[in-house]
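Asks: Just passing along the structure, written as structure tokens.
The values are calculated or read from the model by the stated rules, or taken from the named source; none is laboratory data. Because the structure is a prediction, the values reported are computed rather than measured. Methodologically, a virtual Cβ is constructed for each residue, glycine included, from the backbone with ideal geometry; neighbour enumeration extends over all protein chains shown.
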Amino acid sequence: MIFEKKLNDFLNKETDKQKIIVIYGPTASWKTSLSIDVARYLDTEIIWTDSRQIFKYLDIWTWKITIEEMQWIKHHMIDIITPDSEYSVWEFKKEAEKYIEDIISMWKIPVLCGWTGLYIDSLIYDFDIPKVPADEDLRNKLELERLEFWNKYIWNKLSEIDPDYAKELHPNNYRYIIRALEVKILTWKSKTEFRTEKSFKYDVLFLTPYNWNREELYNKINKRIQIMFDDWLVLETENLLKKYKKTDFWMKTIWYKEVVDYLEWNITLQECIELVQKNNRNYAKRQLTWFRKYEEDLEI
């Protein structure tokens with residue numbers, strides 16, 4: 001299989017730390033297929049590090065792995081909450097670490113697979129996630145400001161008081177922006193100050209199926225989005241809207257908004273598809289920036 005030599009070298013490597021494998025890469029880079037191959041080769045289990053596959057019923061939109069694709073391999077952290085639920089990085093970290101401990105206790109190497117860099121980082125690096133209780137009044141105030149003045153306004157607000165952390169966030173990533181503002185206002189500390197000196201908790205093997213050919217990636221993204229629409233993405237969205245409100249947490253998932261705009265006759269179907277493809281490509285750019293640091297960290 002691909003990476004067989006890397007895997008064998010990693011297995012035979014002597015280390016004082018527990019071993020863990022991280023399969024990373026942007027959307028549409030075939031991480032799922034690689035994770036299955038690796039887990040089957042090692043006879044182990046997979047923990048998904050994806051902030052959207054944790055939601056039930058968001059199947060087509062998150063390109064969620066099917067039962068058949070799992071090939072009898074245990075997968076964790078998929079379909080664990082309903083679309084109207086909120087879920088923090090801290091909650092993810094606590095739950096996922098239980099699975100990591102269970103897998104290690106069976107003398108197996110856990111495989112992490114996903115595209116949410118913050119989720120991956122919370123598990124493999126030694127840094128604290130601030131345990132600052134939510135201030136609902138402050139959050140509501142910030143959310144009202146966002147709705148009135150839109151995303152760039154609150155990003156600018158964060159940039160004024162916490163410029164270093166603001167640089168790590170896209171203006172549309174407003175949930176994390178609001179949380180960063182909350183932490184800064186309540187503690188007078190940046191979220192970056194809660195990070196200790198960067199070090200790995202585990203002996204980590206990073207693997208990616210992505211070949212850093214951006215044009216090829218963008219073509220894959222465009223094709224995948226078209227397949228999603230062909231596979232009844234619009235119907236999935238309609239069914240979700242029958243059970244959940246547009247203001248529920250699932251609607252903060254990127255790209256659902258465009259489909260809702262189509263359903264509300266604000267744009268045509270073709271405009272919707274092209275907009276989703278464009279926004280997906282832009283999101284992949286940000287993912288590449290995040291994931292590139294894993295290669296840099298290996299040189300430390």
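Asks: Is the range 235-243 home to any residue that is among the hydrophobic types (A, V, I, L, M, F, W, C) and closer than 22 Å to HIS170 by Cα?
Replies: Among the residues of the range 235-243, not one is among the hydrophobic types (A, V, I, L, M, F, W, C) and closer than 22 Å to HIS170 by Cα, which makes the answer no.
Asks: List the pairs whose first member sits in the range 236-263 and is modelled with pLDDT of 80 or more, whose second member is aromatic (Phe, Trp, Tyr), and whose Cβ atoms are under 7 Å apart, counting only residues at least 6 apart or on separate chains?
Replies: Hits for this filter: GLU236/TRP61; THR237/TYR256; LEU240/TYR57; LEU240/TRP250; TYR244/TRP250.
Asks: Quick one: which residue in LYS19, LYS6, LYS31 is under 27 Å from PHE229 (Cα atoms), in contact (Cβ under 8 Å) with a residue 60 or more places away in the chain and among the charged types (D, E, K, R)?
Replies: When all the criteria are applied, what remains is LYS31.
Asks: Looking only at residues that are part of a loop (DSSP other than H, G, I, E, B) and more than 20 Å from SER51 (Cβ to Cβ) in the range 127-166, which one is modelled with the lowest pLDDT?
Replies: PRO133
Asks: Checking the conditions here, which among ILE65, ILE78, ILE36, ILE109 is assigned to a loop (DSSP other than H, G, I, E, B), more than 13 Å from the chain's Cα centre (by Cα) and farther than 19 Å from ASP203 by Cβ?
Replies: ILE65
Asks: Hey, another quick one. Taking the criterion of being surrounded by 14 or more Cβ atoms within 10 Å (Cβ to Cβ), within 18 Å of LYS94 (Cβ to Cβ) and within 21 Å of the chain's Cα centre (by Cα), would at least one residue in the range 153-176 satisfy it?
Replies: So far as the range 153-176 goes, no, none of its residues is surrounded by 14 or more Cβ atoms within 10 Å (Cβ to Cβ), within 18 Å of LYS94 (Cβ to Cβ) and within 21 Å of the chain's Cα centre (by Cα).
Asks: Restricting attention to the range 183-217, which residues are part of a helix (DSSP H, G or I) and crowded, with 17+ Cβ neighbours inside 10 Å?
Replies: So in the range 183-217, the residues part of a helix (DSSP H, G or I) come out as 183-187, 191-194, 214-217.
The answer is VAL183, LYS184, LYS191, LEU217.
Asks: While we're on this one: Enumerate the pairs (first residue in the range 216-230 and of a type in the set (Lys, Arg); second residue anywhere and surrounded by 18 or more Cβ atoms within 10 Å (Cβ to Cβ)) with beta-carbon separation below 6 Å, excluding pairs fewer than 6 apart on the same chain, so at least 6 apart or on different chains.
Replies: Filtered contacts from the range 216-230: LYS220/ALA28; ARG224/ALA28.
Asks: Test LEU123 against the criterion of being outside any helix (DSSP H, G or I), within 19 Å of the chain's Cα centre (by Cα) and not aromatic (Phe, Trp, Tyr), and give yes or no.
Replies: No.
Asks: Still on this structure, please answer the following. Against the condition at pLDDT below 90, of a type in the set (A, V, I, L, M, F, W, C) and under 19 Å from THR289 (Cα atoms), how does LEU186 come out, does it pass?
Replies: no
Asks: So in the range 82-125, with the set limited to residues that are in contact with a Pro (Cβ under 8 Å, 6 or more places away or on another chain) and of a type outside the set (A, V, I, L, M), which one is farthest from THR32 (Cα to Cα)?
Replies: Going through the qualifying residues, I end up with TYR99.
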